[in-house]
1. With the requirement that a residue be outside any loop (DSSP other than H, G, I, E, B) and crowded, with 21+ Cβ neighbours inside 10 Å, what does region 83-97 give you?
2. Report yes if residue 101 is loosely packed, with under 12 Cβ neighbours inside 10 Å and either modelled with pLDDT of 95 or more or closer than 28 Å to residue 51 by Cβ (or both), otherwise no.
3. Taking residue 142 as the residue in question, decide whether it is closer than 21 Å to residue 88 by Cα, touching a residue at least 12 places away in the same chain (Cβ under 8 Å), in contact with a Ser or Thr (Cβ under 9 Å, 6 or more places away or on another chain) and of a type in the set (Asp, Glu).
4. Checking the structure you have, find out if any residue of region 37-52 is among the β-branched types (Val, Ile, Thr), within 20 Å of residue 93 (Cβ to Cβ), assigned to a helix (DSSP H, G or I) and at pLDDT 95 or above.
5. State which residue pairs qualify: first residue under 17 Å from residue 6 (Cβ atoms) and inside region 43-71, second residue polar (S, T, N, Q) in any location, beta carbons under 6 Å apart, and separation of 6 or more residues or different chains.
6. Scan region 64-78 and give yes if some residue there is modelled with pLDDT of 95 or more, more than 24 Å from residue 140 (Cβ to Cβ), in a loop (DSSP other than H, G, I, E, B) and β-branched (Val, Ile, Thr), otherwise no.
7. Please determine whether any residue of region 106-114 is under 27 Å from residue 10 (Cβ atoms), in contact with a His (Cβ under 9 Å, 6 or more places away or on another chain), of a type outside the set (A, V, I, L, M, F, W, C) and crowded, with 20+ Cβ neighbours inside 10 Å.
8. Is region 200-216 home to any residue that is touching a residue at least 12 places away in the same chain (Cβ under 8 Å) and crowded, with 18+ Cβ neighbours inside 10 Å?
Amino acid sequence: MTDAKYSPQFWTSVANTCKGNDAVVFDLFNEPYPEMAANWDKTAGWQCWRDGGTCTGIPYEVAGMQDLVDAVRSTGATNVLTLGGLEWANDLREWLKYKPTDPLNNLAVSWHAYSNNACASETCWDTQVAPIAQQFPIVLGEFGQEGCGFDYMQRLANWSDAHNISYLPWTWTPWGCVHGAVLIKDWNGTPEPGIGEGYKAHLLTQDPYRIRQPIT
């Protein structure tokens, strides 16, 4: 988790710089995993995630998500704030219960879902993610597949389309598949076989002007 000594200062600075430009979205902390330090205690993890302070197994004072939301809003910034759940942002089960208070109620969920994560099936997405999508926007800020295949990613993209969830795959770099899911073979944007070609083909089936249904 993020350090209370510096992170609220950082977000105050960023918010002061970017406020007035609501096209900028703030992802407050990438891939939290406080329950790991707490011997896999999810309750302690979610409490640390939201409230910060002295957290089990973490040797510094933590700035919780509430602290970071407060830091941004204290500047008058109205930007959308995205908050990832536990377990590298893959576990959203208690997100609604522990979500911070935002006076603007302008929060979104940051979700990461790789093929080797715990929540990697339609059953899990239906039970853990879909109910949240009925109440808050979800941005699938990272998703990918081991071995640079595309079958898992195709299922997830199709599921996300059906649930009005936006998505950004990992990653636009020519590292080669030995370093994980990569979309391109070179900086000219040549699609990597499997993952890159599959994702490009999927995007070509989408209507970029489709208006998503409002969340009510």
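The values are calculated or read from the model by the stated rules, or taken from the named source; none is laboratory data. Here the structure is a predicted model, which means the values were calculated and not measured. Note that each Cβ is placed from the backbone with ideal geometry, even for glycine, and that neighbours are counted across all protein chains shown.
1. 83, 84, 86, 87, 89, 91, 95
2. Here the answer is yes, as residue 101 does meet what is asked.
3. Against the criterion (closer than 21 Å to residue 88 by Cα, touching a residue at least 12 places away in the same chain (Cβ under 8 Å), in contact with a Ser or Thr (Cβ under 9 Å, 6 or more places away or on another chain) and of a type in the set (Asp, Glu)), residue 142 qualifies.
4. Yes: region 37-52 contains one or more residues that are among the β-branched types (Val, Ile, Thr), within 20 Å of residue 93 (Cβ to Cβ), assigned to a helix (DSSP H, G or I) and at pLDDT 95 or above.
5. Pairs that qualify, where the first residue is under 17 Å from residue 6 (Cβ atoms) and the partner is polar (S, T, N, Q), are 63/2; 63/7; 71/12.
6. Looking through region 64-78, at least one residue is modelled with pLDDT of 95 or more, more than 24 Å from residue 140 (Cβ to Cβ), in a loop (DSSP other than H, G, I, E, B) and β-branched (Val, Ile, Thr).
7. Scanning region 106-114 turns up no residue that is under 27 Å from residue 10 (Cβ atoms), in contact with a His (Cβ under 9 Å, 6 or more places away or on another chain), of a type outside the set (A, V, I, L, M, F, W, C) and crowded, with 20+ Cβ neighbours inside 10 Å.
8. No; the residues of region 200-216 include none that is touching a residue at least 12 places away in the same chain (Cβ under 8 Å) and crowded, with 18+ Cβ neighbours inside 10 Å.
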